[in-house]
Structures are given as structure tokens and as C-alpha cells.
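The structure appears below as C-alpha cells.
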Amino acid sequence: MKLKVSGANMKDESAQLSSYGVHYNSIVELDGHLPGKEDLQEAASGNPEEVGLCLRIAQTVEKLKESAVPVIEKYDKEVVEYIAGGIIDETKRKKLLDMSAYINEQLMQSLFALDGITCEIDFTTARQKRREGVRYAQGLLDRLDKIKSDLRVFIDSHKA
């Protein structure tokens, strides 16, 4: 579901409408669809609110998969190449460490987004999907930490 104001998409779901210039007599477009039977069946409670939460969770995880996973794979490849080179290049080392911090920040933002989705106690499907999303993001963080650890071991072994 997307909201448009004066033809511009509102990207931040948590922002106040006034921050987008919405005022009395503003025209706001709502793009989306009502949950279908399969969407409602997917949610254990059949509640449209739970379906909406499941969709938000799925969008957050999908965004994570599309944006963070390719960057982590690229980072992993660059670290492996750097270690295979056997020589410490200070500019490349700094670039790799900065890239690690950037990826870490992206993953933490995704975790905060998932943390910001509060599910009612009886929305078992939404709670399970949120839990799976958090575990997925934490798995990516663990993978990043392992790559960064390998890089640090290489750097420390060549300093001495």
C-alpha cells in the first residue's frame, strides 16, 4: 500500500502527514488492494490488521534481501581478494572497514524497523513472521561479523 501527495510517494510510513505537506483539502491518493482470501487465510486470526502487519514485515525482509544481501556478498568477495593478495594496502583496508560499518548500519536499521512493528498477542502468524525476519537479519549480522573477524585476523597477523 502506498500513499501519494501531490504526485509524490510518501516513503516513510512512520512520518507525520504534516511533514509531507498534507493539510486541509489536500488530495491524498491511496494505492493498494484489499486483502484477498488467500491473504486472510495466511493469517491465523483472519484479521485484516494482522494481514497488514504481515505485509509490512514481508516488505521489510524483502527490502533487506534486495539491498543488504548483494552488498554483503560483494563485501565478502572483496575481503577474500584482499586477504588472498597478502599485502596490507591502507586505503583498501580503510575502505573495507568503512564498508563493514555501512552494512552493519543498514542491518541495524532493518532490525529497528522490525522491532517497531508491534503485534497483538493473538496475531500468532504476524509474530512468527516478525521473529523469522529478526532471525534472518541477525544471521546476516553474524555473517558480516565473521567476514570482519577474518579481515581483522589478517590485518593483525601482518602488523606483527
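The values are calculated or read from the model by the stated rules, or taken from the named source; none is laboratory data. Everything numeric here is computed off the predicted structure, so don't read it as measured data. Every residue, glycine as well, gets a Cβ built from its backbone with ideal geometry; the counts of neighbours run over all protein chains shown.
Here are 93, 143, 127, 135: which of them is assigned by TED's automatic domain parsing to the domain that holds residue 56, at pLDDT 95 or above, surrounded by 14 or more Cβ atoms within 10 Å (Cβ to Cβ) and not hydrophobic (A, V, I, L, M, F, W, C)? Within the list 93, 143, 127, 135, the selection yields 143.
Please state which one of 102, 82, 75 is under 28 Å from residue 155 (Cα atoms), at pLDDT 75 or above and loosely packed, with under 13 Cβ neighbours inside 10 Å.
102
Restricting attention to segment 76-88, the residues being in contact with a Lys or Arg (Cβ under 9 Å, 6 or more places away or on another chain) and either assigned to a helix (DSSP H, G or I) or not aliphatic (A, V, I, L, M) (or both) number 5. Looking only at segment 46-75, residues that are assigned to a helix (DSSP H, G or I), over 11 Å from the mean Cα position of the chain (by Cα) and not small (Gly, Ala, Ser) come to 14 in all.
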